[in-house]
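Each remark here refers to the structure printed beneath this line.
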Amino acid sequence: MEWINAIVQGVLLGGLYAMFATGLSLIFGVMRLVNIAHGDLIVLAAYLGLVVLEVTGPLNPLATLALVVPVMALIGYVLQRGIFNFTLGKDILPPLLVSFGLSIILQNSLLEIFTADSRRLTAGALEVASFPMVEGVDIGVLPLMMFLTAMGVIALLQFVFYRTAMGRAFRATSDDPEVARMMGLNNRHVFALAMALSMAVVAVAGIFLAMRTNFDPASGPARLIFGFEAVIIGGLGNLWGTLAGGVVVGVAQTVGAQINPGWQQLAGHVVFLIVLAVRPRGLFPRIL
Amino acid sequence: MHDPILAVSGLEAFYGDFRALQGISLEVGENEIVAIIGANGAGKSTFLKCVAGLLANAPGSILFRGEAVGALSADKITARGIALVPEGRRLFSSLSVEENLVIGGQLGRAGRWSLKRIYELFPVLAQRRDLPATSLSGGQQQMVAIGRALMSNPDFIMFDEISLGLAPVVIKDIYAILPAVISEGTSALIVEQDISRALGIADRFICFQEGRVSLAGKPGEHDRAAISAAYFGM
């Protein structure tokens, strides 16, 4: 029963990792940009939630999403138009380096403003609320909410991608930016919209992260790794695959921790390496 | 040709240090179909890209209805009523047939072409509207590319090597339908390596050689030897 519990908790944890990853997956799919600062942007969203709560007083952290999501989306749009658009081209190295630089700037700015103290967003009774699934397996309300939110986010992104004019613009621009321009699609604007959407997901991920664990200005890179692993395991550019990838990493970690508490992170990385060796294109290769 | 819809003068284009177009001047009249012929690397496709706004030009080097459009971006060119059916079709591979057509019309120019009219022109596309565009046969993909260009309701449409890579019987079908495509009120530029095809449909032809106009005239005005000399430079 302990093992089933570990697996169930791992699946739910996978929802959070999938949320870390979908934003990465989305912008890689649209513009072949690997955003090294993604994890730090998640942490930035968490701090934004913290600031909002300090202004408004005690509130359910999820309520801050009403403000943090649009603000992060705006930051994403400006970031893309102001910086990343100038780095995109045939060479994938410049955007990689620039986002690496952004990662360092974000970490140090957060350190300067918020100090190195670790923080968290307290959600009161919600943090510990749970209900029994079967004997010995309790489902936490917060982890379940995270998983359902991840599914909701992915379903929404899937809808946006395949059923709306904006999604059509994303796919067309990704296929052939030059011809897309003739169709009236300004690729700078289209890319900025994709980054805004990615950052909106980052906002949700950041607030959930902050409710689940402590965070500090240096927490970003570890989130980036989990997100990367989920994306690669799932298959680049496949959003439902990313959820599966998140679940694989999550289950590997909780099962690893069940074997030996010190193996939690290691198990996730080992499973990632195995998938990379056996199926380098991921479990569900690109369909975006 | 009293009132040219397109007037190009002294157009130059560069790829790095390579001068692909060395001062091209030509005009296309209202309702006229002009063919551009020439060997590989003569600058035909480059010329079309310049007119379509995919390459930057001096503003005054291209006049469309008397207005300088040389420096406009590709979307603004499309909005003015110029459309390009690009070489190799270049359909959006992750979009369905219908999405490819719809995206061609999203600049919203009013006119006679609509999704319904395109499907009437190419009934086979209506049957395959939900399939990925690049899963179709080459000829059907070319129909999608032509339909996508028509959806912007152009007054001036350019075809770049529409017969390239297609079976002769398919080329015949595509060319049979071109008069309906370039119907009343539309002018066209056709770039083609197949000289007899091009001359068969065009009112006039212009031959490019190494980025210059080497010969121009009406089909039948010049003998084969003259065309061949202008084409190959021998």
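The values are calculated or read from the model by the stated rules, or taken from the named source; none is laboratory data. Please read all numbers here as calculations on a predicted model, not as lab measurements. No Cβ is skipped: glycine too gets one built from the backbone with ideal geometry, and neighbour counts run over all protein chains shown.
Here is a yes/no grid of residues against (1) within 16 Å of the chain's Cα centre (by Cα); (2) crowded, with 24+ Cβ neighbours inside 10 Å; (3) without any contact (Cβ under 8 Å) to a residue 24 or more places away in the chain:
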residue: A:Gln9; (1), (2), (3): no, no, no
residue: A:Asp40; (1), (2), (3): yes, yes, no
residue: A:Ala46; (1), (2), (3): yes, yes, no
residue: A:Ala63; (1), (2), (3): no, no, yes
Which condition breaks for A:Leu102 when tested against (1) at pLDDT below 95; (2) within 30 Å of A:Arg32 (Cα to Cα)? (1)
Name the residues in the stretch B:184-213 that are of a type in the set (Ser, Thr, Tyr) and without any contact (Cβ under 8 Å) to a residue 60 or more places away in the chain, would you? B:Ser196
Restricting to the stretch B:121-143, name every residue that is over 23 Å from B:Glu87 (Cβ atoms) and within 12 Å of chain A (Cβ to nearest Cβ). B:Asp130
Kindly list the number of the only condition in (1) of a type in the set (A, V, I, L, M, F, W, C); (2) touching a strand residue (DSSP E or B) at 6+ places or on another chain (Cβ under 8 Å); (3) surrounded by fewer than 19 Cβ atoms within 10 Å (Cβ to Cβ) that fails for B:Ala71. (2)
Does the stretch B:101-115 hold any residues that are part of a helix (DSSP H, G or I) and more than 8 Å from every other protein chain (Cβ to nearest Cβ), and which are they? B:Leu101, B:Leu115
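Hey, can you tell me all the residues within the stretch A:180-219 that are in contact with a Pro (Cβ under 6 Å, 6 or more places away or on another chain) and modelled with pLDDT of 90 or more?
Going through the stretch A:180-219, the residues in contact with a Pro (Cβ under 6 Å, 6 or more places away or on another chain) turn out to be A:187, A:207, A:211.
Listed by number, the residues that qualify are A:Ile207, A:Met211.
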All but one of (1) under 25 Å from A:Asp40 (Cα atoms); (2) polar (S, T, N, Q); (3) touching a Ser or Thr at 6+ places or on another chain (Cβ under 6 Å) hold for A:Gln107; which doesn't? (3)
Could you identify the single residue in A:Ala230, A:Ala194 that is touching a helix residue (DSSP H, G or I) at 6+ places or on another chain (Cβ under 6 Å), small (Gly, Ala, Ser) and closer than 30 Å to A:Leu126 by Cβ? A:Ala230
I'd like the residue in the stretch B:74-91 that is part of a helix (DSSP H, G or I) and touching a helix residue (DSSP H, G or I) at 6+ places or on another chain (Cβ under 8 Å) and, out of all such residues, is farthest from the other protein chains (Cβ to nearest Cβ). B:Ile77
Check on A:Thr164, surrounded by fewer than 17 Cβ atoms within 10 Å (Cβ to Cβ) and within 14 Å of chain B (Cβ to nearest Cβ): yes
Those helices (runs of 4 or more DSSP H) completely within the stretch A:156-254 that have 3 or more residues that are over 28 Å from A:Leu12 (Cβ atoms) are A:165-175, A:177-182, A:187-212
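The rows are residues; the columns are (1) over 23 Å from B:Ile36 (Cα atoms); (2) in contact with a Gly (Cβ under 6 Å, 6 or more places away or on another chain).
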residue: B:Phe64; (1), (2): no, no
residue: B:Leu84; (1), (2): no, no
residue: B:Arg89; (1), (2): no, no
residue: B:Leu107; (1), (2): yes, yes
residue: B:Gly111; (1), (2): yes, no
residue: B:Leu131; (1), (2): yes, no
residue: B:Leu136; (1), (2): yes, no
residue: B:Gln140; (1), (2): yes, no
residue: B:Ala145; (1), (2): no, no
If only one of B:Ile146, B:Ile174, B:Ile162, B:Ile118 is buried (at least 16 other Cβ atoms within 10 Å of the Cβ), more than 13 Å from chain A (Cβ to nearest Cβ) and closer than 24 Å to A:Gly167 by Cβ, which one is it? B:Ile118
Would you confirm, using the coordinates I've provided, whether B:Ser45 is at pLDDT below 95 and either under 22 Å from B:Ile162 (Cβ atoms) or surrounded by 21 or more Cβ atoms within 10 Å (Cβ to Cβ) (or both)? yes
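Residue by residue, here is whether (1) at negative phi; (2) at the interface with chain B (Cβ under 10 Å from one of its Cβ atoms); (3) surrounded by 22 or more Cβ atoms within 10 Å (Cβ to Cβ); (4) in contact (Cβ under 8 Å) with a residue 12 or more places away in the chain holds:
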{"position": "A:Ala169", "(1), (2), (3), (4)": "yes, yes, yes, yes"}
{"position": "A:Glu178", "(1), (2), (3), (4)": "yes, yes, no, no"}
{"position": "A:Met182", "(1), (2), (3), (4)": "yes, yes, yes, no"}
{"position": "A:Phe191", "(1), (2), (3), (4)": "yes, no, yes, yes"}
{"position": "A:Ile207", "(1), (2), (3), (4)": "yes, no, yes, yes"}
{"position": "A:Arg212", "(1), (2), (3), (4)": "yes, no, no, yes"}
{"position": "A:Asp216", "(1), (2), (3), (4)": "yes, no, no, yes"}
{"position": "A:Arg223", "(1), (2), (3), (4)": "yes, no, yes, yes"}
{"position": "A:Leu239", "(1), (2), (3), (4)": "yes, no, yes, yes"}
In the set A:Met133, A:Met146, which member is farther than 16 Å from A:Gly39 by Cα and under 18 Å from the mean Cα position of the chain (by Cα)? A:Met146
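Collect the residues in the stretch A:72-86 that are surrounded by fewer than 16 Cβ atoms within 10 Å (Cβ to Cβ) and part of a helix (DSSP H, G or I), keeping them in residue-number order.
A:Leu74, A:Val78, A:Gly82, A:Phe86
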Residues satisfying the stated conditions in the stretch B:74-109, i.e. touching a strand residue (DSSP E or B) at 6+ places or on another chain (Cβ under 9 Å) and at positive phi: B:Gly81, B:Gly88
